[in-house]
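The values are calculated or read from the model by the stated rules, or taken from the named source; none is laboratory data. Keep in mind that what you see is a predicted model, and the values were worked out from it rather than measured. Cβ atoms come from the backbone with ideal geometry, glycine included; neighbour counts cover every protein chain shown.
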Amino acid sequence: MNDKDIEKVLNFLREYQDLYGNNLFVDRERIESIAGEFPDLPGEPNTKPSKPVAKVREKKMTKPADSPLWNFKRKIENCKNCALGNTRTKFVFGSGSEHADIMFIGEAPGAEEDRTGIPFVGRAGKLLDRLLAQIQLKRDDIFIANILKCRPPNNRDPLPDEVAQCIPYLHRQIELIQPKVIVALGRIAAQNLLRSTASLKQMRGRLWQYRGVDMIVTYHPAAILRNAGLLTVATEDFKFIRETYREILKRQN
Ligand code: SF4
């Protein structure tokens with residue numbers, strides 16, 4: 001492998017890390033699939049049968065250069081359609097699988113997300129990972145994004161005109177990902193998506209529709225960190241997510 005090839009591989013990994021976050025480096029299947037894209041990479045030969053790997057690649061591994069979602073990110077990542085474009089550190093597009101059946105939507109990036117460009121990192125992100133694990137999901141099984149792609153100063157609530165400017169990007173993400181279930185994380189996200197002033201308690205525990213997709217509302221992990229009593233309720237909500245998703249799959253088969 002010459003320097004040019006190594007740089008090519010590094011760029012490829014950087015682009016995927018940008019899209020999928022650090023989950024890329026803990027997913028053996030994905031690493032094997034990437035290695036399959038570069039057969040002359042040094043290391044152990046791939047002893048797995050080729051068919052399953054090819055299947056994974058077909059389902060998940062669209063190359064960034066050919067990916068409509070990735071191309072869309074590149075198109076909008078320098079957006080300054082609202083004032084938040086001037087105060088953000090990093091644009092936070094979202095991360096996960098572009099073929100995800102379940103899409104989680106929060107309200108806006110916080111300080112850590114603004115710093116890293118990755119949604120739901122830090123303590124709230126870890127709690128989200130635990131809740132996902134309880135229903136046998138990982139970050140790279142889902143796609144996670146926010147209504148706003150840039151951080152509002154001091155984590156204030158998104159302003160109506162910021163939402164109006166930014167939400168078309170979320171709508172395009174939904175069109176490209178085509179999830180079967182959407183999960184709104186937190187009151188602000190749910191109220192903005194449903195154009196409602198109802199409390200989270202009133203919105204959770206039932207099925208809504210958002211842009212033709214079944215939607216479930218649950219607590220934002222940061223709210224659960226502030227009030228541990230909400231964990232039991234959130235756990236029920238995540239079971240509801242799992243059951244709803246299973247039902248949808250059953251209906252489709
Ligand atoms: S919040 Fe959305 S609309 Fe405003 S600058 Fe960022 S990407 Fe553009």
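General remarks:
- Among the residues of the range 74-119, those identified as among the charged types (D, E, K, R) and closer than 30 Å to Ile248 by Cα are Glu98, Asp101, Glu107.
- Residue match in the range 168-178 (condition: more than 16 Å from the ligand (Cβ to nearest atom), surrounded by fewer than 15 Cβ atoms within 10 Å (Cβ to Cβ) and at positive phi): yes
- Residues of the range 75-102 satisfying the condition of being under 22 Å from Ile142 (Cβ atoms) and basic (Lys, Arg): Lys90
- Of the residues Asp141, Asp101, Asp114, the single one that is acidic (Asp, Glu) and either surrounded by fewer than 16 Cβ atoms within 10 Å (Cβ to Cβ) or within 16 Å of the ligand (Cβ to nearest atom) (or both) is Asp114.
- In the range 135-151, the condition of being assigned to a helix (DSSP H, G or I), without any contact (Cβ under 8 Å) to a residue 60 or more places away in the chain and touching a Lys or Arg at 6+ places or on another chain (Cβ under 7 Å) is met by no residue.
- Contact map, the range 168-196: first residue over 12 Å from Leu69 (Cα atoms) and at pLDDT 95 or above, second residue part of a helix (DSSP H, G or I) and within 16 Å of the ligand (Cβ to nearest atom), Cβ cut-off under 6 Å, separation 6 or more or different chains; pairs are Ala184/Leu193; Asn192/Val163.
- Residue-level analysis places Ala184 among those that are crowded, with 19+ Cβ neighbours inside 10 Å, in the same structural domain as Leu84 (by TED's automatic domain parsing) and within 16 Å of the chain's Cα centre (by Cα).
- For beta carbons closer than 7 Å, sequence separation of 6+ or different chains, a first residue in the range 217-234 that is more than 21 Å from Leu207 (Cβ to Cβ) and a second that is assigned to a helix (DSSP H, G or I) and at pLDDT below 95, the qualifying pairs are Pro221/Ala124; Ala222/Ala124; Leu225/Arg123; Leu225/Ala124.
- Criterion applied to Lys73, Lys90 was being crowded, with 18+ Cβ neighbours inside 10 Å, at pLDDT 95 or above, within 16 Å of the ligand (Cβ to nearest atom) and of a type outside the set (A, V, I, L, M, F, W, C), and the one residue passing it is Lys73.
Yes or no, residue by residue, for (1) part of a loop (DSSP other than H, G, I, E, B); (2) outside the structural domain of Asp141 (by TED's automatic domain parsing); (3) crowded, with 20+ Cβ neighbours inside 10 Å:
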residue: Asp214; (1), (2), (3): no, no, no
residue: Val217; (1), (2), (3): no, no, yes
residue: Ala228; (1), (2), (3): yes, no, no
residue: Glu236; (1), (2), (3): no, no, no
residue: Arg246; (1), (2), (3): no, no, no
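- Flag for Asn81 being within 14 Å of the ligand (Cβ to nearest atom) and in contact with a Cys (Cβ under 8 Å, 6 or more places away or on another chain): yes
- Identity of the residue in the range 187-212, of a type in the set (A, V, I, L, M, F, W, C) and in a helix (DSSP H, G or I), that ends up surrounded by the fewest Cβ atoms within 10 Å (Cβ to Cβ): Leu194
- When Ala133 is tested against (1) modelled with pLDDT under 95; (2) among the hydrophobic types (A, V, I, L, M, F, W, C); (3) assigned by TED's automatic domain parsing to the domain that holds Gln191; (4) exposed (fewer than 14 other Cβ atoms within 10 Å of the Cβ), exactly one condition is not met: (1).
- Flag for Ala100 being modelled with pLDDT of 95 or more, assigned to a loop (DSSP other than H, G, I, E, B) and within 30 Å of Arg246 (Cβ to Cβ): yes
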